[in-house]
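Encoded as C-alpha cells, the structure appears first; notes follow it.
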Amino acid sequence: MSSRRVLLCGLALWLLALRAPAQRTAWRQATAGELASVLPSRAPVESEHIETEMRTASGIVDEHGHFIAGVVLITAGYSADGKYSII
C-alpha cells in the first residue's frame, strides 16, 4: 500500500511538472538604435579615445533589457610606438 502511494504521488508530481511553464528568457537581435544607446561612440584606449565602428556593431537583448553586444575598434595609426599593432 505504501509503495502505491509513493507511485501515485510521483506520478502526480510528474504531471504537475509537465504543466509548469518553462522559465526561458527570449533573446532577440538588438536594433541599431538600441546598440547606439548602449555602445559608446568613442572608447578609451591608453591615452586615446578611439572611435567605434558602429556599422560593425552587433548584439542581442532580452525582455528585461539586458544586452550582449560588441563593436570593432580600429586602432591602426593611433600609436607610433606600435602599442596597438597585432603582429
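The values are calculated or read from the model by the stated rules, or taken from the named source; none is laboratory data. Fair warning: this is a prediction, and the values are worked out from it, not measured in the lab. Cβ coordinates were reconstructed from backbone atoms using ideal geometry, including for glycine residues, and neighbour counts include every protein chain displayed. Only protein heavy atoms, including side chains, enter the accessible area calculation; ligands, DNA and RNA are left aside. Shrake-Rupley method; radii C 1.70, N 1.55, O 1.52, S 1.80 Å.
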First in segment 35-52 and of a type in the set (D, E, K, R), second anywhere and open to solvent by less than 90 Å² (accessible area, probe 1.4 Å), Cβ under 6 Å, 6 or more apart: Glu48/Tyr78
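Let's see how each residue does on (1) surrounded by 10 or more Cβ atoms within 10 Å (Cβ to Cβ); (2) under 25 Å from the mean Cα position of the chain (by Cα); (3) at pLDDT 90 or above; (4) among the hydroxyl-bearing types (Ser, Thr, Tyr):
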position: Ser3; (1), (2), (3), (4): no, no, no, yes
position: Ala12; (1), (2), (3), (4): yes, no, no, no
position: Leu18; (1), (2), (3), (4): no, no, no, no
position: Arg24; (1), (2), (3), (4): no, yes, no, no
position: Ala36; (1), (2), (3), (4): yes, yes, yes, no
position: Pro44; (1), (2), (3), (4): no, yes, no, no
position: Ser47; (1), (2), (3), (4): no, no, no, yes
position: Ile50; (1), (2), (3), (4): yes, yes, no, no
position: Met54; (1), (2), (3), (4): yes, yes, yes, no
